[in-house]
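The values are calculated or read from the model by the stated rules, or taken from the named source; none is laboratory data. For clarity, every value in this text was computed on a predicted model and none was experimentally measured. Cβ: placed from backbone, ideal geometry, glycine included. Neighbour counts: every protein chain shown. For the accessible areas, the whole protein counts, side chains as well, though only heavy atoms, and no ligand, DNA or RNA atoms are used. Shrake-Rupley method; radii C 1.70, N 1.55, O 1.52, S 1.80 Å.
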Amino acid sequence: MQTVSSALSLPLHGLAVTRLLEQQAATGLAPHTLMQRAGLASARLSLALAPHAQHIWIACGPGNNGGDGLEAAMHLHQWGKTVTVTWLGARNEAKVPADALASLVRARAAGVPFAKAPPPDFDFAIDALLGIGAVPRPAHAAGQADVLGQWLALLRTTSQPVLALDIPSGLDAGTGADLAPESIAISTRLQRAGSRFTLTFLTLKPGLFTAAGRDLAEQVWWDTLGVASAPAMSPDAWLLGQDRAGNHGRASAAHTSHKGRFGDVAVVGGQSGTDGATHMSGAALLAGRAALHTGAGRVFVALLGQAAITVDPQQPELMFRSPAALDLKTQVIVCGCGGGEAVAGVLPRLLSGAPSAVLDADALNAIARDTQLQTLLQARQGRTYRTVLTPHPLEAARLLGSSVASVQADRLAAAQQLAETFGCVVVLKGSGTVIAAPGEVSAINPTGNARLATAGTGDVLAGMIGALLAGGHSAFDAACSAVFQHGQLADDWPASHPGQALTASLLVSCPVNKVMK
């Protein structure tokens, strides 16, 4: 058993591979072995997480996930802990899977206490209601689904710590979508619950690390149950680690290096005008500063419209140019950080002439509205140009002609569809940012938190990606590294700045090399 950290990249497997691995392992083991191992691991982790718990509630569903909970209850009871099991299989034991039924017999023989309702005084809970592949049914009066909904709502909102077995009930293991009834999903978001832990078995599932997964699963532990993954089982995605982030700091560069060694970045956007209503220069300046701090040799800023800024007092190293004066062949273009409607006018030249480009925000919106720009974007792949798109869910929905709900329902699929459609690397931002590319296994980023939910942090990310592209990295590697580092800076924030809100300007000034050791 191990806790999942961000040190190493790890393979993620969805429902199909997990089921196949489970079936293959079961053929070489005595009956019920995997469930017994899962239950024992769950009981041991429960004791480690809550050694002083006085009353443990174990909520068990009618399937094999409930069987894992019954095994855990038996061990905890035998070890002297006060436990109460609520079990949804009592209405129809004939339909209970054989493994779960065997665990029920073992629990009853050990004298495990069962009840029809959760104990009011529990101070630790185990969620064994629904495993992978199980979907909460709509509640109906006086029925089993109604009881399931009540218990699920309590597990979601209790202030006591909860350990979910394999996956938090109601979470889609493959996508991270919250499949709980809307009323429960809403209450989950509104009510801040106690600590949450997840012990997942056999494989790490993508849904634990993106969309609703990170909030519902929180701290993830992994137990392979003694089963080795077959080499032929290629992952559905990778969970990014520090090993993939790489070391792009200047300290390791040759002493004879000069600024040309680290490449040029040109930020195009930040429309500045004289009408008093279209001043968006800050986005471009943030992107430029981020590129400089991430290691670009030189950074140029080309403001659109009536450019009134010729120097950045906070970052005088930035050099201002007109868009027409940029050398597209030698510079990495970061476009769309501000710029509004004016971006559409410069995109044809940039898409056709810049071998390396990061397209964000206003550039993405312009492309979504214009089929000719879409054609130019798609043509870049055939010219072996490096291109990274950095949409948030709404921008992704516009590019796909769908909705935010559709994108969030399957973030991996949405990112891959964008990547294949436009022939680009795609960074689908959000909780568990997804990085996709044509022909590549997608990656999910485990770093970052709600501190990044503030204006300008996306501009910072675009600048960071641009700097890594300028340093010679592939589009996919540059995106993976920048996304990981960007999130890690937010994760490291409290240690040095307790109580102070993180802003995009402060994010730029964080010591990037700290997370690239």
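Miscellaneous remarks
- Qualifying position, being touching a residue at least 12 places away in the same chain (Cβ under 8 Å), closer than 28 Å to ALA237 by Cα and crowded, with 17+ Cβ neighbours inside 10 Å, among ALA102, ALA180: ALA180
- Condition check for THR33: among the β-branched types (Val, Ile, Thr) and either at pLDDT below 95 or open to solvent by 60 Å² or more (accessible area, probe 1.4 Å) (or both): no
- Scanning the stretch 158-177 for residues that are touching a helix residue (DSSP H, G or I) at 6+ places or on another chain (Cβ under 8 Å), open to solvent by less than 30 Å² (accessible area, probe 1.4 Å) and within 19 Å of ALA125 (Cβ to Cβ) returns VAL162, LEU163, ALA164, LEU165, ASP166, ILE167, PRO168, SER169, GLY170, LEU171.
- Scope the stretch 303-315; condition more than 10 Å from LEU285 (Cα to Cα) and surrounded by 18 or more Cβ atoms within 10 Å (Cβ to Cβ); matching residues: LEU304, GLY305, ALA307
- As for the stretch 477-494, it holds at least one residue that is of a type outside the set (S, T, N, Q), touching a residue at least 60 places away in the same chain (Cβ under 8 Å), more than 30 Å from LEU179 (Cβ to Cβ) and open to solvent by 40 Å² or more (accessible area, probe 1.4 Å).
- Test result for VAL96, at pLDDT below 95 and closer than 27 Å to ASP236 by Cα: no
- Yes/no for GLY463 being within 17 Å of VAL265 (Cβ to Cβ), within 17 Å of the chain's Cα centre (by Cα), in contact (Cβ under 8 Å) with a residue 60 or more places away in the chain and in a helix (DSSP H, G or I): no
- Residues in the stretch 415-433 that are open to solvent by less than 10 Å² (accessible area, probe 1.4 Å) and of a type in the set (Gly, Ala, Ser): 3 in all.
- Here GLN381 passes the criteria (1) touching a Ser or Thr at 6+ places or on another chain (Cβ under 8 Å); (2) buried (at least 18 other Cβ atoms within 10 Å of the Cβ); (3) over 21 Å from ASP264 (Cβ atoms) except the one numbered (2).
- Out of VAL96, VAL83, sole residue that is open to solvent by less than 10 Å² (accessible area, probe 1.4 Å), closer than 24 Å to GLN150 by Cα and over 33 Å from the mean Cα position of the chain (by Cα): VAL83
- Any chance PHE201 is hydrophobic (A, V, I, L, M, F, W, C) and either under 17 Å from the mean Cα position of the chain (by Cα) or open to solvent by 60 Å² or more (accessible area, probe 1.4 Å) (or both): no
- Residues that are over 21 Å from PRO355 (Cα atoms), touching a residue at least 12 places away in the same chain (Cβ under 8 Å) and part of a loop (DSSP other than H, G, I, E, B), drawn from the stretch 294-320: GLN306, ALA307, ALA308, ILE309, ASP312, GLN314, GLN315, GLU317, LEU318
- Looking only at the stretch 434-476, residues that are surrounded by fewer than 23 Cβ atoms within 10 Å (Cβ to Cβ), farther than 17 Å from ALA414 by Cβ and of a type in the set (D, E, K, R) come to 1 in all.
- If you go through the stretch 321-356 and keep only what is in contact (Cβ under 8 Å) with a residue 40 or more places away in the chain and of a type in the set (Lys, Arg), you end up with just ARG321.
- Screening GLY28 on (1) at pLDDT below 95; (2) of a type outside the set (D, E, K, R); (3) assigned to a helix (DSSP H, G or I) shows it passes everything except condition (3).
- Members of the stretch 105-133 that are small (Gly, Ala, Ser), crowded, with 18+ Cβ neighbours inside 10 Å and modelled with pLDDT under 95: GLY131
- Of the residues making up the stretch 220-275, those that are over 30 Å from ALA296 (Cα atoms), outside any strand (DSSP E or B) and modelled with pLDDT of 75 or more are THR224, LEU225, GLY226, VAL227, ALA228, SER229, MET233, SER234, PRO235, ASP236.
- Residue check, GLY288 open to solvent by less than 50 Å² (accessible area, probe 1.4 Å), within 32 Å of the chain's Cα centre (by Cα) and closer than 29 Å to ALA368 by Cβ: yes
- In the stretch 361-369 there is no residue that is among the acidic types (Asp, Glu) and either out of contact with any strand residue (DSSP E or B) (no Cβ under 7 Å at 6 or more places or on another chain) or surrounded by fewer than 17 Cβ atoms within 10 Å (Cβ to Cβ) (or both).
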